[in-house]
Amino acid sequence: SHTILLIQPSPKNESRTYSDYNSLKECLEAICKMFEEHLKKLNPSKPSITYDISNLFDFIDDFPDLTCLVLQKNAYAYSPLNKDSIKEKIYDMLRSQAGR
């Protein structure tokens, strides 16, 4: 269901931004892609970069604020997911992708 990603990448309130996605899975994949782009910027000369899920979780924890609002169609309202819930959902998603 529709998901809104709220991000504050720096301590400054003006850095707050949001993105919306058609599903929670799309949003979680976007967070992973954001991390991968961050790694590419840090390691521009490396042809390939590998990382551990703990590195991804540290990246998420470094944001002053990162929240997902997931539409609950039956309640006509958005439910928030905090960082720990987001990390749990990403872990589940990556584990299911690895199992294929």
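The values are calculated or read from the model by the stated rules, or taken from the named source; none is laboratory data. Please read all numbers here as calculations on a predicted model, not as lab measurements. Cβ coordinates were reconstructed from backbone atoms using ideal geometry, including for glycine residues, and neighbour counts include every protein chain displayed. When the accessible area is computed, the model is the full protein with side chains, heavy atoms only, and any ligands, DNA or RNA have been set aside. Shrake-Rupley method; radii C 1.70, N 1.55, O 1.52, S 1.80 Å.
Mind listing whichever residues of region 79-98 are outside any helix (DSSP H, G or I) and either of a type in the set (A, V, I, L, M) or open to solvent by 70 Å² or more (accessible area, probe 1.4 Å) (or both)?
Of everything in region 79-98, those that are outside any helix (DSSP H, G or I) and either of a type in the set (A, V, I, L, M) or open to solvent by 70 Å² or more (accessible area, probe 1.4 Å) (or both) turn out to be PRO80, LEU81, ASN82.
Taking only region 1-55 into account, find how many residues are outside any loop (DSSP other than H, G, I, E, B), open to solvent by 50 Å² or more (accessible area, probe 1.4 Å) and among the hydroxyl-bearing types (Ser, Thr, Tyr).
3
In region 56-78, which residues are more than 17 Å from SER19 (Cα to Cα) and either of a type outside the set (A, V, I, L, M) or surrounded by 12 or more Cβ atoms within 10 Å (Cβ to Cβ) (or both)?
Correct list: LEU56, PHE57, ASP58, PHE59, ASP61, ASP62, GLN72, LYS73, ASN74, TYR76.
Tell me which residues, restricted to region 71-100, are in contact with a strand residue (DSSP E or B) (Cβ under 9 Å, 6 or more places away or on another chain), of a type outside the set (A, V, I, L, M, F, W, C) and in contact (Cβ under 8 Å) with a residue 60 or more places away in the chain.
Within region 71-100, GLN72, TYR78, LYS89 qualify.
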